[in-house]
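The values are calculated or read from the model by the stated rules, or taken from the named source; none is laboratory data. What you are looking at is a predicted structure, and each value in this text was computed from that prediction instead of being measured. Here the Cβ positions follow ideal geometry from the backbone for every residue, glycine too, while neighbour counts run over all protein chains shown.
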Amino acid sequence: MSLPDILLLVLYTALMLALTIYAAHAYLMLYLYRKNSVGRAKPVCTYTEWPRVTVQLPIYNEQYVVTRLLEAACALDYPRDRLEIQILDDSTDETQDLARKLAGRFQTQGINVKYLHRTNRQGFKAGALKNGLAQAQGDFLAIFDADFLPPRDFLRKMMPYFSSDNIGVVQARWGHLNAGYSMLTRGQAIGLDAHFVLEHGARNSSGIFINFNGTAGIWRKVAIIAAGNWQDDTLTEDIDLSYRAQLAGWKFVYVNDVVCPAEIPAEVYGLKNQQYRWAKGAIQTAKKLLPAIWRNKTIPWLLKFEATIHLTNHLVFPTLLLIALLSYPILLIRVQFPQSALFFWMTSIFIINAFSYPLFYIYAQREIYTDWKRRVLFLPILMAGATGLSVINTKAVFSGLMGRKSAFNRTPKFNLFDHRTVSWKGRHYRSRFNITVMVEIMLTIYISLTLYYAVNNMQFVAIPFILIYWLGFMFIGGLSLVHALRR
């Protein structure tokens, strides 16, 4: 065996070890969730007079969903003299006129609606929220993105969780307006459910930092100001402010029983935009805040470790991509050098962590749905999609690590419910074809050759894992081509 072969095996082992750490984290979340959150009630308070609340609706070119958003916000069951609604509009298209007319219509009905339009997108969503904050009348700020539909009783259910003065945020669980729209949306719904139910549930009940998810939650105004206000130096202003607030001593509350439904991206380019923004923003936040977290001697070790895993979790994607690229040369070594059998037998211990994510997602589905057995049938779509998205997310991770600046490309919303009656095809805002699609197609071809070699040489243990990669790149790359043709 040559030196390059040995170096490849060392690199492969290091990548598998890194992947194992992140995969084992799913087991940790399951353990903490079962240990701490089951049966633990969160304290609530009662009000003799409801606090003043400002509902902030940041929008940018949302002509398909702005009407339903504003109608839902104005229908909130809350004392009108204690409620203000801000339309934070950065739009450059006909959404401006539509939103302005809607604001006027509800103002004539006695609802306190303010229409705030900026002539530039400085700071993007963070800039819009900061601008609204400076003019907000409320002591609390409820934020809803354009694709969300807050239920009528949202404020009355959520506000009592501000049961002490040090609670800065109360976050609700996301629901899904169009989970059954396509295979793509079904897979995403499973992933989002696990994030809220298990990750938020485990972290919040264990006293570990969680994050405000940018929408479907309520901030205490003084917490935002005390934490340094909204800042636009990352693409995930919500995670950034969340960690700064908790470092400043503010507590967060996650409420699993209050669900605010939203539209899941049904077009793959919209999903890629969303994933790129989340991945790059999380890495930017990690670079910005992890040094301060580790220097803080009052923060427990478990909290520091969990914050590190949370903020750097997207490093999994370049790891997955490198393992995919190594799959063929590693197979060559295994076939051509029988003496390497002991090495592969020893590294097979990593396989046990391959089951952590399926278990993680299945458990979350079982916690919130009676028909969870039917829903988890779409788990392979989520797993394949996550693998296929490793290309765009790897690009995002390295862009964040290298400090490159990029615009806040929001996820288009199309008011989708039923694929039989409504489609995103032929509508504005669809994202453009990008070069990552060609990389995904080339990787599909490469993994196909690797799969053929594994079958031909009877490497049956490796075949299921290679097949996951093949399905992932085929699914995301193929879907990207199909959606590009439908433009």
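When Ala307, Ala282, Ala324 are checked against the criterion of being under 17 Å from the mean Cα position of the chain (by Cα), part of a helix (DSSP H, G or I) and under 19 Å from Leu19 (Cβ atoms), Ala282 stands alone in meeting it.
May I ask you to verify whether Ala266 is touching a helix residue (DSSP H, G or I) at 6+ places or on another chain (Cβ under 8 Å), buried (at least 22 other Cβ atoms within 10 Å of the Cβ) and not in a helix (DSSP H, G or I)? Yes. The test for being free of Cβ contacts under 8 Å to residues at least 60 places away in the same chain and of a type outside the set (D, E, K, R) does not hold for His176. When the stretch 363-391 is filtered for residues that are more than 14 Å from Phe465 (Cα to Cα), under 18 Å from the mean Cα position of the chain (by Cα) and part of a helix (DSSP H, G or I), the ones remaining, listed by number, are Ala364, Gln365, Leu379, Ile381, Leu382, Gly385, Ser390, Val391. Quickly run through the stretch 392-417 and pick out the residues that are in a loop (DSSP other than H, G, I, E, B) and either more than 18 Å from Thr185 (Cα to Cα) or touching a Leu at 6+ places or on another chain (Cβ under 8 Å) (or both). Result: Met402, Gly403, Arg404, Lys405, Ser406, Ala407, Phe408, Asn409, Thr411, Leu416, Phe417. Report whether or not Tyr161 is over 26 Å from Val65 (Cα atoms), among the aromatic types (Phe, Trp, Tyr) and not assigned by TED's automatic domain parsing to the domain that holds Tyr361. Here the answer is yes, as Tyr161 does meet what is asked. Of the residues making up the stretch 28-69, those that are of a type in the set (Val, Ile, Thr) and touching a residue at least 12 places away in the same chain (Cβ under 8 Å) are Val44, Thr46, Val53, Thr54, Val55, Ile59, Val65, Val66, Thr67. Within the stretch 96-103, not a single residue is closer than 30 Å to Glu306 by Cβ, out of contact with any Lys or Arg (no Cβ under 6 Å at 6 or more places or on another chain) and touching a residue at least 24 places away in the same chain (Cβ under 8 Å). For the stretch 143-152, check the following and say yes or no: at least one residue is free of Cβ contacts under 8 Å to residues at least 40 places away in the same chain, within 21 Å of Phe408 (Cα to Cα) and either charged (D, E, K, R) or assigned to a strand (DSSP E or B) (or both). No: the stretch 143-152 contains no residue that is free of Cβ contacts under 8 Å to residues at least 40 places away in the same chain, within 21 Å of Phe408 (Cα to Cα) and either charged (D, E, K, R) or assigned to a strand (DSSP E or B) (or both). Residues in the stretch 333-384 that are of a type in the set (Ser, Thr, Tyr) and closer than 30 Å to Asn456 by Cβ were compared, and the one that is surrounded by the most Cβ atoms within 10 Å (Cβ to Cβ) is Tyr357. Of Tyr64, Tyr115, all but one fail to be modelled with pLDDT of 95 or more, more than 22 Å from Asp240 (Cβ to Cβ) and crowded, with 17+ Cβ neighbours inside 10 Å; the exception is Tyr115. Figure legend. Inter-residue proximity from the stretch 1-25: first residues at pLDDT 90 or above, second residues not in a helix (DSSP H, G or I), beta-carbon distance below 9 Å, spacing 6+ or different chains. Indicated pairs: Tyr22/Thr312. The number of residues in the stretch 191-207 that are surrounded by fewer than 21 Cβ atoms within 10 Å (Cβ to Cβ) and under 22 Å from Ala41 (Cβ atoms) comes to 3. Just so you know, in the stretch 418-472 the residues that are surrounded by 14 or more Cβ atoms within 10 Å (Cβ to Cβ), part of a helix (DSSP H, G or I) and of a type in the set (Phe, Trp, Tyr) include one that is modelled with the lowest pLDDT, and it is Phe465.
Selection of the stretch 212-238 for residues being of a type in the set (S, T, N, Q) and surrounded by 21 or more Cβ atoms within 10 Å (Cβ to Cβ) yields Asn213, Thr215, Thr234, Thr236. Of the candidates Thr347, Thr298, Thr387, Thr394, the single residue that is among the hydroxyl-bearing types (Ser, Thr, Tyr) and outside the structural domain of Leu19 (by TED's automatic domain parsing) is Thr298. Screening Ile218 against (1) closer than 28 Å to Met159 by Cα; (2) outside the structural domain of Phe154 (by TED's automatic domain parsing); (3) of a type in the set (Val, Ile, Thr) leaves a single unmet condition, (2). Does the stretch 39-48 contain any residue that is outside the structural domain of Lys125 (by TED's automatic domain parsing), on the phi > 0 side of the Ramachandran plot and either touching a Cys at 6+ places or on another chain (Cβ under 9 Å) or modelled with pLDDT under 95 (or both)? Looking for residues that are outside the structural domain of Lys125 (by TED's automatic domain parsing), on the phi > 0 side of the Ramachandran plot and either touching a Cys at 6+ places or on another chain (Cβ under 9 Å) or modelled with pLDDT under 95 (or both), one finds at least one in the stretch 39-48, hence yes.
All of (1) in a loop (DSSP other than H, G, I, E, B); (2) surrounded by fewer than 16 Cβ atoms within 10 Å (Cβ to Cβ); (3) at pLDDT below 95 hold for Asp77 with one exception: (3).
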